[in-house]
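No value in this document is a laboratory result; all are computed from the given coordinates. Quantities reported herein were computed from a predicted structural model and do not represent experimental measurements. Every residue, glycine as well, gets a Cβ built from its backbone with ideal geometry; the counts of neighbours run over all protein chains shown.
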Amino acid sequence: MSKVLPPLSLYVHIPWCVKKCPYCDFNSHESATIPEQDYFDALLKDLELDLVFVQGRELSSIFFGGGTPSLMSGKFYQRFISEIAQRIPFSDTIEITMEANPGTTEASRFFEYRAAGINRLSIGVQSFGAPQLKALGRIHSADEAVRAVEQAKAAGFTNFNLDLMHGLPEQSAEQALDDIDRAISLAPNHLSWYQLTIEKNTEFYSQPPILPKEETLWDIQERGAEKLQAAGYAQYEVSAFAKPGMRARHNLNYWTFGDYLGIGAGAHGKVTYTEVASNNKSNTDSMHLLRYRKSRQPKDYLKPRILYRVGEEEIAQQDLGFEFLMNVLRLKEGVSEDSFMARTGLELQRLEPQLSTFRAQGLMHASRLQVTDKGFLFLNTILEKFSDL
C-alpha cells in the first residue's frame, strides 16, 4: 500500500535586521542596506531547486521569518508570492504569514503587504515595558507597538499574532502580567507567549543579565495562563494561545511532523519521500525523511559556490520515533496513534515500553499520543526517556 505524503509548507528566511538583539540566536545580520533584488533572484533559484520535493502537493502555508521580514518592500512580497504560485499550487485556505517588527513598519507598508497576499502578521512586541524593551535591545517603544497593531487592522489584517516574552531581565511578576493585559487589550487572534531563555552565541550568554527567580517565573506562568484563558485564549501548544479557530496553521504543520521546504539564508527544510524497493515483492513504498539546510551567511547565499543547500541528512529509522514525539507532544491535544505510522512509517510498538510506563504513571493519555496536564509539567523528562528508543 502506498504511503500518503504529509501536508507541505514553505518557510522563507529574510536574514537582515536593523540591530541584532542580545538574546537572539537566529540567523540574523545587521545591515544598513538590503540587496532586495539580488535576494529576490537568489530565493527564486533556491526555490526552483527545491521543487523536486513538492511531489504533486499543494502549499498549505507560507511563513516569511527572520531576521526582520518587514524590512522588505510590499513589491518584493507581491512579486515573490506570485512567483511561488506559478510553481506550486496553493491550498484554497492557504495561510501566508509575515513577521513584522514594530520599529520597521509604516502604515503604507501594511496595506502593501496585505495587497501582496499576506493574510496573517506576527508582530514582535516582546514587552510593553520600557526598561524591558531596552534590556532586550528592541528598537521600538510600547507606543510604536500599539500603533503597529492599529495600522495592521486598518490595512485589513483580521488575523494577527503578538509575540510576547516573560522572565525578562529584572522583570517582576506584576510587570509580566501587565504585558499580558496590554496585549489582550489589542485583541490579537493569537499570542505566542514564551519565557526568555539564554542561548549560546548570544550577547546574553557571554554577559548574562539578572533574571527573575524560579518562584517568580512559576507565578508568572500560572497567573498569566489564567489571564489568557479567562480572555478566551486556549493554550494548544507549549507557548501558543489562540482564539477559537485561529491556531497557526504553519506552526501546527511543524508540530504534527508535516513537511516544509526551507529557502533563504540559513533556512532548514524537512521533507518526506518514498521509493519502492527493487526486492519488495508486495510493491509497497519505503518512507524516508530528509532534513537539509541552506548557506547561513547572506554573502555566501547571494554568491553561492555551492547552490544554496550546504548540508542534508536522512533521519535514521531509530531516530524517527523520538523526532516525531519531540514535535507532537508539544501540542496540548497531542495526535492520534494512527498518525505515528502515517508520518514515520513505523509501528506504534516502537514506542514501548516507555509509552505504557508513562500511561501507567498518569503522564500520558490512553489511546492517544498526548501528555496529561500533569505530564505537560514534565514534558522535557518524558522526551528525554523517549530519546532512548
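Summary of values
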quantity	calculated
All-pairs Cα distance distribution in region 8-252, expressed in whole percent, bin size 5 Å	1, 6, 13, 17, 19, 17, 13, 8, 4, 2, 0
Amide H partners (placed H, <5 Å) of residue 61, local residues excluded	10, 95
Pairs from 213/385; 45/200; 19/134; 45/270 whose Cα-Cα separation, in the structure shown, is over 21 Å	213/385; 45/200
At 1.306 mPa s and 10 °C, Stokes D of region 154-267 from Kirkwood alpha-carbon radius, µm² per second	100
Residue exposure sequence - 158, 97 - by fewest surrounding Cβ within 10 Å	158, 97
Sum of -39500 (n - 2.57) over DSSP H runs of 4+, divided by residues of the chain (222 nm, nearest 500)	-10500 deg cm²/dmol
Normalised contact order of region 321-389, rounded percent, pairs of Cα under 8 Å and 6 or more residues apart	39
Against the rule of thumb 2.2 N^0.38 Å, how large the Cα Rg of region 321-389 comes out	0.96
Charge dipole (debye, nearest 20) of the chain; +1 at Cβ of Lys and Arg, -1 at Cβ of Asp and Glu	560
Residues with amide H under 5 Å from that of residue 237, placed H, sequence gap 5 or more	332
Residues with amide H under 5 Å from that of residue 166, placed H, sequence gap 5 or more	194, 195, 196
Loop-located trypsin sites (Lys or Arg not before Pro) in region 162-238 whose Cβ has at most 11 other Cβ within 10 Å (DSSP)	200, 213
Residue with peak Gaussian network fluctuation, the chain [Cα springs, cutoff 10 Å], from 80, 128, 257	80
Distance between region 153-222 and region 302-350 - C-alpha centres, whole angstrom	29
Electrostatic dipole magnitude of region 321-389 [Cβ: Lys, Arg +1; Asp, Glu -1; Cα centre; debye, to 20]	180
Relative contact order for the chain, counting Cα pairs under 8 Å that sit 6 or more residues apart, in percent	16
